[in-house]
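The values are calculated or read from the model by the stated rules, or taken from the named source; none is laboratory data. All of these numbers come straight from a predicted model, not from anything done at the bench. Cβ atoms come from the backbone with ideal geometry, glycine included; neighbour counts cover every protein chain shown.
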Amino acid sequence: MNKSSIDMQTLESNKNLKVDASPDESTSGLPDFTTESYKDAYSRINAIVIEGEQEAYDNYISIATLLPKDSEELTKLAKMELKHKRGFTACGKNLGVTADMPFAKEFFSKLHGNFQTALVNENLTTCLLIQAILIEAFAISAYHVYIRVADPFAKKITQGVVNDEYLHLNYGEKWLKENLHTCKEELIAANKANLPLIKKMLDQVAEDAAILCMDKEELMEEFMIAYQDALLEMGLDNREIARMAMAAIV
Ligand code: PL3
Ligand code: FE2
Ligand code: FE2
């Protein structure tokens with residue numbers, strides 16, 4: 001991206017900032033949460049998050065069927081997702097926003113389809129990569145950026161949620177690390193098929209995110225940090241990680 005388009009984007013997201021320098025430290029530099037444009041963008045972003053948490057619940061329950069020995073732990077992780085869903089539902093309610101659930105269902109449909117296909121074929125590695133690595137890293141990056149510009153109510157909830165998401169990411173990392181010698185090929189293939197979908201989802205949400213004062217470059221940066229850290233943790237080397245990350249830009 002060239003310099004002028006970065007400036008444009010900065011201007012775009014700054015226009016939503018409260019500039020009436022209220023002396024209250026806690027709200028300065030934050031967007032105006034009461035405008036129609038904020039609420040309109042929030043109706044889609046909030047729905048994405050609610051749908052994402054519900055699908056995460058379903059996915060961990062499904063993964064447990066392929067990994068019965070971890071069923072108890074996976075059920076515990078799954079239940080956290082329902083708590084997250086309730087938390088984000090409350091965030092929307094608090095702002096007087098109705099979540100656009102049909103939009104969110106469509107937003108997840110491709111990734112959802114790939115997960116379901118992997119599940120029926122008992123491709124556990126693919127299921128774990130999609131849910132416990134890609135979706136969790138996406139959530140972690142989005143929540144980190146959101147915390148910086150959220151209303152006080154949502155900020156508190158999101159801080160609690162993001163800590164849980166690391167537990168989910170760690171679960172995936174640990175299983176994939178222990179099984180890397182047998183699952184590397186499937187991991188790389190699944191990454192090639194699904195990382196581009198995450199990139200598309202990020203592109204798709206960027207405009208609404210900007211209205212919430214969430215910067216796209218920052219979202220991408222946070223995602224790459226969480227994603228690359230996870231791959232490193234699994235025992236992949238730098239070259240393998242670079243190759244896998246490259247799948248995002250085809
Ligand atoms: C897994 O635990 C949860 C999966 C959720 C995926 C969320 C993607 C987030 C997209 C952009 C979001 C901004 C955050 C705003 C929160 C109301
Ligand atoms: Fe979650
Ligand atoms: Fe999660």
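Screening the stretch 151-169 for residues that are in contact (Cβ under 8 Å) with a residue 24 or more places away in the chain and away from ligand 2 (no atom under 13 Å from the Cβ) and picking the one that is nearest to Phe88 (Cα to Cα) gives Ala154. Against the list (1) surrounded by 15 or more Cβ atoms within 10 Å (Cβ to Cβ); (2) of a type outside the set (Val, Ile, Thr); (3) under 30 Å from Asp32 (Cα atoms), the condition Lys200 fails is (1).
Within the stretch 50-68, if we keep just the residues that are surrounded by fewer than 18 Cβ atoms within 10 Å (Cβ to Cβ) and of a type in the set (A, V, I, L, M, F, W, C), the residue that is nearest to ligand 2 (Cβ to nearest atom) turns out to be Ile61. If you go through the stretch 134-150 and keep only what is of a type outside the set (Ser, Thr, Tyr) and more than 10 Å from ligand 2 (Cβ to nearest atom), you end up with Leu134, Ala137, Phe138, Ala142, His144, Val145, Ile147, Arg148, Val149, Ala150. Close Cβ contacts (under 6 Å, 6 or more residues apart or on different chains) running from residues in the stretch 224-239 that are surrounded by fewer than 17 Cβ atoms within 10 Å (Cβ to Cβ) to residues that are assigned to a helix (DSSP H, G or I) comprise Glu233/Glu173; Gly235/Lys177; Gly235/Leu180. Screening the candidates Ala47, Ala137 for the property of being buried (at least 20 other Cβ atoms within 10 Å of the Cβ), in contact with a Pro (Cβ under 9 Å, 6 or more places away or on another chain), at pLDDT 95 or above and not basic (Lys, Arg) yields one hit, Ala47. Take the conditions (1) among the polar types (S, T, N, Q); (2) over 20 Å from Asp151 (Cβ atoms); (3) not in a helix (DSSP H, G or I); Gln116 misses just one of them, which is (3).
For Tyr143, the stated conditions do not hold, so it cannot be described as in a helix (DSSP H, G or I), surrounded by 15 or more Cβ atoms within 10 Å (Cβ to Cβ) and in contact (Cβ under 8 Å) with a residue 24 or more places away in the chain. Check the stretch 103-115 and report whether any residue there is within 29 Å of Ala189 (Cα to Cα) and in contact with a Cys (Cβ under 9 Å, 6 or more places away or on another chain). Scanning the stretch 103-115 turns up at least one residue that is within 29 Å of Ala189 (Cα to Cα) and in contact with a Cys (Cβ under 9 Å, 6 or more places away or on another chain).
A quick yes/no check of all residues on (1) at negative phi; (2) touching a helix residue (DSSP H, G or I) at 6+ places or on another chain (Cβ under 7 Å); (3) within 16 Å of ligand 3 (Cβ to nearest atom):
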| residue | (1), (2), (3) |
| --- | --- |
| Ala99 | yes, yes, no |
| Glu106 | yes, no, no |
| Glu122 | no, yes, no |
| Ala132 | yes, yes, yes |
| Ile135 | yes, yes, yes |
| Ala139 | yes, yes, yes |
| His144 | yes, yes, yes |
| Arg148 | yes, no, no |
| Ile157 | yes, yes, yes |
